[in-house]
Structure formats: C-alpha cells, structure tokens
Amino acid sequence: MQSYTGFSENSRVWIYQCNRELSSDETKSIKQRTDQFIYDWASHGTALSAQIEIFYNVFLVVFVDEEIASASGCSIDKSFQLVKDLETEFDISLLDRMVIAYRKDQKINLCRIDEFEGLIKKGVITEDTIVFNNLVDRKVDFDSKWEVLIKDSWHNRLLQ
C-alpha cells in the first residue's frame, strides 16, 4: 500500500468523523476492510490511486490522487457505501455532522454542537482550542487547515 503523503497537493479528501473513539481492534479491522476496498477501487475501469487512513482512532480519511485518475460519481458512491457498511458493522456513526471534535489536554474530545456551545459559554473552550475542520476537501488543506484553532476555522461563528 502506498502512503497518502506522496499524493499531489490537489488530491481529493473526504473526512468521516466517528461519533466515538474506536478501539484498537476496531481500528485494525476497519483498516483491513478499507485496504481491501482500496485494492479493488476503480473509476470507469481505471484503478484509483487512493488511500484510506484512520487518524486518532476517530477520523476515517479517504485520499484520491486525481492526477493519476479522477474519482467518478460511481466510484464515490462505492466509497460512500463502504462508509455506510462500516457504520452498520461497527455500530458507529460516521455521517453525523452535528458532532464536533476538539483537542483538550492532548486528548480528542467529541460532543454534540449544543454541548460544544455550552462549553464555550463556560470558558472550557476558547478561541485557542484546536478543532478539526472536516470540511477540507484537498490534501493541501488537510495538511494545513484540518487541525486549527477555532478562531481560524468555520467553528469561530460559534464563539459569537
């Protein structure tokens, strides 16, 4: 398997955030499933230069180097089906956009957006708290704008 780190900066990225931290056994099983998926994944008969990584036992990140071959609608649908299958198999949610991840005391924390806003009001979360901007869609932004301070993210609107 190749590493996504050698992919072009314009590679496409899809980030799926889990609603809970995965166990090491779950992470290992999911990684085996995703590696097999990547091995077979193609767009209009052309193998995709792709990689799926799990970060912090919370984030499933799909990378496709489109300088090699572009992901088509059908191939994107297949990856989405993989995500839905993983949700069912591991009793997790990877598609709930109302869960926010942030870093506090070197630990990744997850909470619903209303809880997050409450933590801001209490001063537990400040403009200098690191959050994960799962809206990035290119590798260059993943590398530089995925883990950012709230004040530098779309999350900053919650500080108002």
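Whether a residue is assigned by TED's automatic domain parsing to the domain that holds residue 8, surrounded by 13 or more Cβ atoms within 10 Å (Cβ to Cβ) and touching a helix residue (DSSP H, G or I) at 6+ places or on another chain (Cβ under 9 Å) was assessed, and residue 113 does not pass this test.
Restricting segment 2-30 to residues that are modelled with pLDDT of 95 or more and among the basic types (Lys, Arg) leaves a set whose member that is nearest to residue 146 (Cα to Cα) is 20. If you filter segment 85-124 down to residues that are outside any helix (DSSP H, G or I) and acidic (Asp, Glu), you find that the one that is farthest from the chain's Cα centre (by Cα) is 105. For residue 8, are the conditions met, namely being exposed (fewer than 13 other Cβ atoms within 10 Å of the Cβ) and either assigned by TED's automatic domain parsing to the domain that holds residue 138 or in contact (Cβ under 8 Å) with a residue 24 or more places away in the chain (or both)? No; evaluated as a whole, the condition is false for this residue.
Within segment 31-60, the set of residues being part of a helix (DSSP H, G or I) and either over 22 Å from residue 146 (Cα atoms) or among the charged types (D, E, K, R) (or both) comprises 31, 32, 33, 35, 36, 37, 38, 39, 40. Residue count for segment 125-147, restricted to those that are closer than 19 Å to residue 157 by Cβ, assigned to a helix (DSSP H, G or I) and not basic (Lys, Arg): 1. Looking only at residues in segment 14-27 that are within 17 Å of residue 94 (Cβ to Cβ) and out of contact with any strand residue (DSSP E or B) (no Cβ under 6 Å at 6 or more places or on another chain), the one that is surrounded by the most Cβ atoms within 10 Å (Cβ to Cβ) is 18. The selection criterion, being surrounded by 13 or more Cβ atoms within 10 Å (Cβ to Cβ) and assigned to a helix (DSSP H, G or I), holds for residue 82.
The values are calculated or read from the model by the stated rules, or taken from the named source; none is laboratory data. Please read these numbers as outputs of a predicted model, since none were measured by experiment. Cβ sites come from the backbone with ideal geometry, for glycine too, and all protein chains shown count toward neighbours.
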